[in-house]
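Colleague: Take this structure first; my questions come after.
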Amino acid sequence: AQSVTQLDSQVPVFEEAPVELRCNYSSSVSVYLFWYVQYPNQGLQLLLKYLSGSTLVKGINGFEAEFNKSQTSFHLRKPSVHISDTAEYFCAVTLISSGSARQLTFGSGTQLTVLP
Amino acid sequence: DAMVIQNPRYQVTQFGKPVTLSCSQTLNHNVMYWYQQKSSQAPKLLFHYYDKDFNNEADTPDNFQSRRPNTSFCFLDIRSPGLGDAAMYLCATSREIGGKIRGAFFGQGTRLTVV
């Protein structure tokens with residue numbers, strides 16, 4: 001079975017500073033990787049995804065993530081955050097395999113708080 | 001715009017009174033999911049449909065049922081809501097091709113309060 005670990009439950013950062021939200025996964029088969037953002041009382045919005053190809057993936061709102069297969073990581077980064085980036089961020093994986101590979105497995109989430 | 005729509009956004013129900021949450025999609029995706037999300041937690045999958053095939057998670061309580069009358073609609077029925085069922089309920093859709101999905105699209109959620 002696959003699992004996702006988000007190492008930091010809360011990340012406070014000052015406005016215009018860079019940020020990295022960490023995500024590690026474990027799986028016996030290859031996976032697709034995703035980052036979702038959730039604003040208060042909203043659903044989840046896809047930020048970016050890694051399916052194949054270049055390991056550096058660019059997403060919406062200036063975020064990017066790098067897939068590192070040897071370290072089984074998919075950390076999310078932004079060079080300069082804004083107050084509006086304050087939200088909960090979830091890393092998720094799904095299996096690349098035959099059979100039932102429909103489930104998205106989520107990490108526990110990281111609350112990013114951008115301080116003025 | 002193609003999207004996943006959940007109604008209502010906020011639902012208040014009485015303890016023990018059946019309640020139904022609805023979800024519709026215009027994406028024509030073959031997979032639909034229901035997640036339960038409690039405060040400051042990750043979404044927890046309750047069940048999903050692949051076309052009309054229903055797949056229940058092993059730890060989903062019997063109190064939760066679902067219906068998918070057609071591709072576009074999916075319903076979550078809570079037969080006898082308890083205080084512990086108060087949560088955000090998220091509907092999501094995905095397209096499965098060749099046994100794989102490439103992510104999921106989520107609705108805005110329904111916040112359920114049980115009084």
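Colleague: Among the residues of region B:14-53 satisfying the criterion of being touching a Leu at 6+ places or on another chain (Cβ under 7 Å) and under 27 Å from residue A:108 (Cβ atoms), which is nearest to the other protein chains (Cβ to nearest Cβ)?
Modeller: B:43
Colleague: Evaluate the following for residue A:101: is it within 28 Å of residue B:6 (Cβ to Cβ), open to solvent by less than 60 Å² (accessible area, probe 1.4 Å) and at pLDDT below 95? I'd like the intermediate steps shown before the answer.
Modeller: Details: within 28 Å of residue B:6 (Cβ to Cβ): yes; open to solvent by less than 60 Å² (accessible area, probe 1.4 Å): yes; at pLDDT below 95: yes.
Taking the combined requirement at face value, the residue satisfies it.
Colleague: Hey, does region A:40-56 have a residue that's at pLDDT below 95, open to solvent by less than 30 Å² (accessible area, probe 1.4 Å) and touching a Lys or Arg at 6+ places or on another chain (Cβ under 6 Å)?
Modeller: no
Colleague: Scan region B:95-109 and report the pairs whose first residue is open to solvent by 80 Å² or more (accessible area, probe 1.4 Å) and whose second residue is part of a strand (DSSP E or B) and at pLDDT below 90, with Cβ atoms within less than 7 Å and a gap of 6+ or a chain change.
Modeller: Qualifying pairs under 7 Å: B:95/B:101.
Colleague: Turning to a different aspect of this structure: Out of (1) β-branched (Val, Ile, Thr); (2) within 16 Å of the chain's Cα centre (by Cα); (3) at pLDDT 90 or above, the odd one out for residue A:13 is which?
Modeller: All conditions are met except number (2).
Colleague: Of the residues that sit in region B:67-110 and are among the charged types (D, E, K, R) and farther than 21 Å from residue B:25 by Cβ, which one is nearest to the other protein chains (Cβ to nearest Cβ)? Reasoning before the result, please.
Modeller: Going through region B:67-110, the residues among the charged types (D, E, K, R) turn out to be B:67-68, B:77, B:79, B:85, B:95-96, B:100, B:102.
Keeping just the survivors that are farther than 21 Å from residue B:25 by Cβ gives B:79, B:85.
Working: B:79: 24, B:85: 18 Å.
Looking at residues that are among the charged types (D, E, K, R) and farther than 21 Å from residue B:25 by Cβ, I get B:85.
Colleague: If you check residue B:64 against the conditions, is it away from chain A (no Cβ under 14 Å), closer than 27 Å to residue A:4 by Cα and in contact with a Leu (Cβ under 7 Å, 6 or more places away or on another chain)? Can you show your working first?
Modeller: On the way: away from chain A (no Cβ under 14 Å): yes; closer than 27 Å to residue A:4 by Cα: yes; in contact with a Leu (Cβ under 7 Å, 6 or more places away or on another chain): yes.
Yes, satisfied.
Colleague: Could you list, in sequence order, the residues of region A:17-29 that are exposed (fewer than 12 other Cβ atoms within 10 Å of the Cβ) and either within 14 Å of chain B (Cβ to nearest Cβ) or basic (Lys, Arg) (or both)? Can you show your working first?
Modeller: Applying the first criterion (exposed (fewer than 12 other Cβ atoms within 10 Å of the Cβ)) to region A:17-29 yields A:18, A:28-29.
Within region A:17-29, A:29 is the sole residue that qualifies.
Colleague: Consider residue A:94 carefully, then state whether it is assigned to a strand (DSSP E or B), under 28 Å from residue B:36 (Cβ atoms) and open to solvent by 40 Å² or more (accessible area, probe 1.4 Å).
Modeller: On the way: assigned to a strand (DSSP E or B): yes; under 28 Å from residue B:36 (Cβ atoms): yes; open to solvent by 40 Å² or more (accessible area, probe 1.4 Å): no.
For residue A:94, the condition - assigned to a strand (DSSP E or B), under 28 Å from residue B:36 (Cβ atoms) and open to solvent by 40 Å² or more (accessible area, probe 1.4 Å) - is not met.
Colleague: Based on this model, can you work out whether residue B:49 counts as part of a strand (DSSP E or B), out of contact with any Phe, Trp or Tyr (no Cβ under 7 Å at 6 or more places or on another chain) and free of Cβ contacts under 8 Å to residues at least 40 places away in the same chain?
Modeller: Yes; evaluated as a whole, the condition is true for this residue.
Colleague: Also, quick follow-up: From the set of residues in region B:39-65 that are under 14 Å from the mean Cα position of the chain (by Cα) and among the hydrophobic types (A, V, I, L, M, F, W, C), which is surrounded by the most Cβ atoms within 10 Å (Cβ to Cβ)?
Modeller: Among residues in region B:39-65 that are under 14 Å from the mean Cα position of the chain (by Cα) and among the hydrophobic types (A, V, I, L, M, F, W, C), the one surrounded by the most Cβ atoms within 10 Å (Cβ to Cβ) is B:45.
Colleague: Here's another thing I want to ask about it. Can you tell me which residue within region A:60-87, out of those that are within 14 Å of chain B (Cβ to nearest Cβ) and under 10 Å from the mean Cα position of the chain (by Cα), is farthest from residue B:55 (Cα to Cα)? Don't jump to the end; show me each part of the working.
Modeller: Restricting attention to region A:60-87, the residues satisfying the condition of being within 14 Å of chain B (Cβ to nearest Cβ) are A:60, A:65, A:74, A:87.
Okay, now just the ones that are also under 10 Å from the mean Cα position of the chain (by Cα), so A:65, A:74.
Working: A:65: 32, A:74: 29 Å.
Restricting to residues being within 14 Å of chain B (Cβ to nearest Cβ) and under 10 Å from the mean Cα position of the chain (by Cα), the top hit is A:65.
The values are calculated or read from the model by the stated rules, or taken from the named source; none is laboratory data. Values in this document were obtained by computation on a predicted structure and should not be read as measured data. Cβ coordinates were reconstructed from backbone atoms using ideal geometry, including for glycine residues, and neighbour counts include every protein chain displayed. Remember, those area values only see protein heavy atoms, side chains included, never the ligands or the DNA or RNA. Shrake-Rupley method; radii C 1.70, N 1.55, O 1.52, S 1.80 Å.
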